[in-house]
1. May I ask you to list pairs of residues, at least six apart or on different chains, whose Cβ atoms are under 7 Å apart, with the first in region B:286-305 being more than 10 Å from the ligand (Cβ to nearest atom) and the second being open to solvent by 20 Å² or more (accessible area, probe 1.4 Å) and β-branched (Val, Ile, Thr)?
2. Does region A:67-82 contain any residue that is surrounded by fewer than 24 Cβ atoms within 10 Å (Cβ to Cβ) and within 21 Å of residue B:105 (Cα to Cα)?
3. Can residue A:184 be described as open to solvent by 40 Å² or more (accessible area, probe 1.4 Å), more than 7 Å from chain B (Cβ to nearest Cβ) and either among the basic types (Lys, Arg) or within 18 Å of the chain's Cα centre (by Cα) (or both)?
4. Which of the residues that make up region A:28-39 are open to solvent by less than 70 Å² (accessible area, probe 1.4 Å) and either touching a residue at least 60 places away in the same chain (Cβ under 8 Å) or over 19 Å from residue A:187 (Cα atoms) (or both)?
5. For region B:136-164, which positions are loosely packed, with under 14 Cβ neighbours inside 10 Å and either within 14 Å of the chain's Cα centre (by Cα) or outside any loop (DSSP other than H, G, I, E, B) (or both)?
6. Of all residues in region B:240-269, which are more than 12 Å from the ligand (Cβ to nearest atom) and either within 7 Å of chain A (Cβ to nearest Cβ) or open to solvent by 30 Å² or more (accessible area, probe 1.4 Å) (or both)?
7. Being within 16 Å of the ligand (Cβ to nearest atom), touching a residue at least 40 places away in the same chain (Cβ under 8 Å) and within 13 Å of another protein chain (Cβ to nearest Cβ) narrows it down to one of B:129, B:194, B:151, so name that one.
8. For residues in region B:94-126 being of a type in the set (Val, Ile, Thr) and closer than 21 Å to residue B:27 by Cα, which is farthest from the other protein chains (Cβ to nearest Cβ)?
Amino acid sequence: MKVLVAVKRVIDYNVKVRVKPDNTGVDLANVKMAMNPFCEIAVEEAVRLKEKGVASEIVVVSIGPKACQEQIRTALALGADRGIHIETDEEVQSLEAAKLLKSVVEKEEPKLVILGKQSIDSDNNQTGQMLAALTGMGQGTFASEVVVDGENVNVTREVDGGLMTVALKLPAVITTDLRLNEPRYASLPNIMKAKKKPLDNMSPADLGVELAPRLSTLKVEAPASRQAGVKVADVAELVDKLKNEAKVI
Amino acid sequence: MSILVIAEHDNSELKQATLNVVAAAKAIGGDIDVLVAGENCGAVGEAAAKADGVSKVLVADNAVYGHFLGENLGELVAEVGNSYSHILAAAGTVGKDFMPRVAALLDVAQVSDIMRVESEDTFVRPIYAGNAIATVKSTDSIKVITVRPTAFDPVAEEGGSATVEALDIVKDAGLSQFVSEELAKSDRPDLASAGIVVSGGRGMQNGENFKMLEQVADLLGAAVGASRAAVDAGFVPNDMQVGQTGKIVAPQLYIAVGISGAIQHLAGMSDSKVIAAINKDEEAPIFQVADYGLVADLFEAVPQLEEELKKVL
Ligand SMILES: Cc1cc2nc3c(=O)[nH]c(=O)nc-3n(C[C@H](O)[C@H](O)[C@H](O)COP(=O)(O)OP(=O)(O)OC[C@H]3O[C@@H](n4cnc5c(N)ncnc54)[C@H](O)[C@@H]3O)c2cc1C
């Protein structure tokens, strides 16, 4: 069974994000970039499926500027077999990403597509679901367990009330949540080997998709900052402040 | 303008988040209809009809909607929503699941997790775990929007008198089936809408120790939350995670115990009115956002807190 994994290059989650003084966006110049953490979990899950003999081939795809190839190489070092880079310097919004991935799905015909549930930059939580709708597939979003069983996949999902398990017909789309697995690190020999794995490059036009963003960002601002308050000496003072000063208990 | 709000419910009760979303719809302005899709959900339809500001309630009552499967809801909402200018749902796990499907089926963008309405086509939303706030304008003819419930004061539960109409539209995409669910049972208030939240982090050391927090929570009528580290370590279930990728809360009082205050955690609670923190590390970043900080070992401070609260409550 072929598995397609989509990965996104984003700001490293440890970086303190700063809004640009002209309010046009956040400052990404000389900032450490990395694979979106939820995408790492997606790659790991695919690799585990391959180790179990469920997946036969893992294709990893990323959309974005040339530098995305770093994240594709990382996925290849973690165990993916080949990469597809859809290269563009334009901003790609979720619906367009889903359309691009749809044409990759049509070409590659994977049985399973695994994506992160959200990227930690735009925090949209949309692409996997949009891809599923456009390709007419079922979706197991916010997955914390994935069990492939013949022509079905059972996905346990993290939902507001707890956990919910659904059975999906294959092919299907899965989006990862934090508890699905703990991603491994790439070993040095595997990083070397990854450099030789195939990586196809194409443009949105090659896939017949025209980028036409529907949302425009008018401005980006820093959030209202909270003032640090006071330190209290002991529990009695804390309770007194909560009751008599803040009046919240 | 005409707005379709998709109700959030459990087939028997309307969730408060729906009232917050109706408030967001009011901020956009125009006629507001509510769609209740579920199974044996008549009572929810009745409740939605009483909400302030609602003109009409549409009830799609069928087994195919009973577990809110995104594939079926997506098709239903795309069909019903097609004649509206805006489609709104709460940014909970149900809305996050089916709404992007609706947007894709209608070939429009989705605006996720809005926290303010600037105008009928311009909305404010957090990005980068709330470290930046973006104002975005949509050029689509239908705006598909998920709403951060804590950012809008709910409309009144009573006072409205909308008409209720049954919808005979059955969409079974045939792609997914419900298998089972494990829902947390708790007599405490719902985490996402509780007035007070007491949360524990890795510092709690194990699940057993969360009992200390539960006792404090019960005295305060509070919900209990957790950091990702506490959930990952298996101390407590996933539905208790507060943060960028968990639940967003904005209670009157948030008490963080043994939580360092990583940005991903702050993203879920920094809109709380008052924040209190108990941490043994005086350098912990949580103190930079806490109104009241207590540098102490939680294993001493939490039992004391329980005793002090018993005295004053
Ligand atoms: C993609 C992504 C998404 C994430 N999403 C979330 C999210 O939604 N929510 C979330 O919470 N995190 C999230 N995180 C994780 C986040 O980065 C932090 O790792 C996490 O919040 C840390 O949890 P913690 O504060 O409990 O643990 P730690 O950072 O380990 O802090 C434990 C604290 O407990 C204190 N402590 C220890 N013992 C005691 C004691 N006896 N008495 C008093 N204090 C004590 C310590 O001083 C320390 O400050 C996410 C991370 C990533 C990469």
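The values are calculated or read from the model by the stated rules, or taken from the named source; none is laboratory data. None of these values were measured; they are calculated from a predicted model. Heads up, the Cβs are rebuilt from the backbone with ideal geometry, glycines too, and the neighbour counts pull from every protein chain shown. Note: areas computed on protein heavy atoms with side chains; ligands, DNA, RNA excluded. Shrake-Rupley method; radii C 1.70, N 1.55, O 1.52, S 1.80 Å.
1. B:292/A:230
2. Within region A:67-82, none of the residues are surrounded by fewer than 24 Cβ atoms within 10 Å (Cβ to Cβ) and within 21 Å of residue B:105 (Cα to Cα).
3. Details: open to solvent by 40 Å² or more (accessible area, probe 1.4 Å): yes; more than 7 Å from chain B (Cβ to nearest Cβ): yes; either among the basic types (Lys, Arg) or within 18 Å of the chain's Cα centre (by Cα) (or both): yes.
So residue A:184 fits the description; yes.
4. Within region A:28-39, the subset open to solvent by less than 70 Å² (accessible area, probe 1.4 Å) is A:29, A:31, A:33-39.
Within region A:28-39, A:29, A:31, A:33, A:36, A:37, A:38, A:39 qualify.
5. Hits for region B:136-164 are B:153, B:163.
6. Restricting attention to region B:240-269, the residues satisfying the condition of being more than 12 Å from the ligand (Cβ to nearest atom) are B:250-255.
Scanning region B:240-269 gives B:250, B:252, B:253.
7. Details: B:194 fails: within 16 Å of the ligand (Cβ to nearest atom); B:151 fails: within 16 Å of the ligand (Cβ to nearest atom).
Selected residue: B:129, the only one of B:129, B:194, B:151 that is within 16 Å of the ligand (Cβ to nearest atom), touching a residue at least 40 places away in the same chain (Cβ under 8 Å) and within 13 Å of another protein chain (Cβ to nearest Cβ).
8. Of the residues in region B:94-126, the ones of a type in the set (Val, Ile, Thr) are B:94, B:102, B:108, B:111, B:114, B:117, B:122, B:124.
Among the residues that remain, those that are also closer than 21 Å to residue B:27 by Cα are: B:111, B:114, B:117, B:122, B:124.
Values: B:111: 7, B:114: 12, B:117: 14, B:122: 7, B:124: 9 Å.
Across region B:94-126, the extreme among qualifying residues is B:117.
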